[in-house]
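Enquirer: Quick one: the structure is below, questions incoming.
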Amino acid sequence: MAVFDHLRLVSLVVLMLASQLDFSSAAVTLYDLHANNLSGDAAGNRPDPYLKIWCGGSYKETNFISNNANPQWSGSLIFSSCNQGDRLKIEVWDKDVKYDDHLGWYSGTVGTRSGNHVSFSVGSGAMFFSYNVK
């Protein structure tokens with residue numbers, strides 16, 4: 001009888017631990033974020049670009065890269081609450097002293113689980129990124 005009580009207790013603990021796991025959630029990882037030929041301001045200054053990114057209800061912002069029309073953001077950004085089928089939105093901004101300038105944007109649906117490569121126009125330039133879904 002004691003063996004059955006022990007098994008029942010172990011089963012209860014396993015069920016409690018399993019209930020804390022969220023098997024439906026995934027993680028979207030963005031990487032290789034870079035742009036080419038971004039336009040600066042009307043005075044001819046090169047941009048200080050940065051990105052605002054939304055995915056699955058989460059928001060992240062990159063650092064700005066000073067005086068660079070061809071920026072490359074190192075590392076990757078992980079959106080742990082973003083899943084396949086969720087909306088992914090990226091905005092490209094130019095950092096300024098008073099008011100930042102909106103340069104362009106992308107909006108799309110998170111695709112398959114394998115590597116995805118995306119590019120979109122930003123004025124006369126282009127933005128590129130890749131992502132994986134786990």
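The values are calculated or read from the model by the stated rules, or taken from the named source; none is laboratory data. Only a predicted model underlies this, so the values are computations on that prediction, with no experimental measurement involved. A quick note on method: Cβ atoms are made from the backbone with ideal geometry, for glycine too, and the neighbour counts reach across all protein chains shown.
Enquirer: Considering only region 110-126, I want to know if a residue exists there that is out of contact with any Ser or Thr (no Cβ under 8 Å at 6 or more places or on another chain), closer than 18 Å to Tyr59 by Cβ and not in a loop (DSSP other than H, G, I, E, B).
Expert: No, region 110-126 contains no residue that is out of contact with any Ser or Thr (no Cβ under 8 Å at 6 or more places or on another chain), closer than 18 Å to Tyr59 by Cβ and not in a loop (DSSP other than H, G, I, E, B).
Enquirer: One residue is enough: does region 64-71 have a residue meeting the conditions loosely packed, with under 14 Cβ neighbours inside 10 Å and under 14 Å from Asp100 (Cβ atoms)?
Expert: yes
Enquirer: Ok, one more. For region 87-107, check the following and say yes or no: at least one residue is under 15 Å from the mean Cα position of the chain (by Cα), under 18 Å from Thr29 (Cα atoms), modelled with pLDDT under 95 and exposed (fewer than 14 other Cβ atoms within 10 Å of the Cβ).
Expert: No, because not a single residue in region 87-107 is under 15 Å from the mean Cα position of the chain (by Cα), under 18 Å from Thr29 (Cα atoms), modelled with pLDDT under 95 and exposed (fewer than 14 other Cβ atoms within 10 Å of the Cβ).
Enquirer: Which of the residues belonging to region 108-126 are among the small types (Gly, Ala, Ser) and closer than 23 Å to Val28 by Cβ?
Expert: Selection gives Gly108, Gly111, Ser114, Gly115, Ser119, Ser121, Ala126.
Enquirer: Here's a follow-up. Inspect all residues belonging to region 112-127 and state whether any of them is of a type in the set (Ser, Thr, Tyr) and at pLDDT 95 or above.
Expert: Yes, some residue in region 112-127 is of a type in the set (Ser, Thr, Tyr) and at pLDDT 95 or above.
Enquirer: Please go through region 66-109 and give me each residue that is more than 20 Å from Val133 (Cα to Cα), assigned to a loop (DSSP other than H, G, I, E, B) and not aliphatic (A, V, I, L, M), ordered by number.
Expert: So in region 66-109, the residues more than 20 Å from Val133 (Cα to Cα) come out as 66-72, 91-105.
Applying the additional criterion that residues be assigned to a loop (DSSP other than H, G, I, E, B) yields 66-71, 95-100.
Those that are more than 20 Å from Val133 (Cα to Cα), assigned to a loop (DSSP other than H, G, I, E, B) and not aliphatic (A, V, I, L, M): Ser66, Asn67, Asn68, Asn70, Pro71, Lys95, Asp96, Lys98, Tyr99, Asp100.
Enquirer: Every residue in region 48-60 that is surrounded by 13 or more Cβ atoms within 10 Å (Cβ to Cβ) and of a type outside the set (A, V, I, L, M), please. Walk me through it before giving the result.
Expert: Quick first cut of region 48-60, residues surrounded by 13 or more Cβ atoms within 10 Å (Cβ to Cβ) only: 48-56, 58, 60.
Hits for region 48-60 are Asp48, Pro49, Tyr50, Lys52, Trp54, Cys55, Gly56, Ser58, Lys60.
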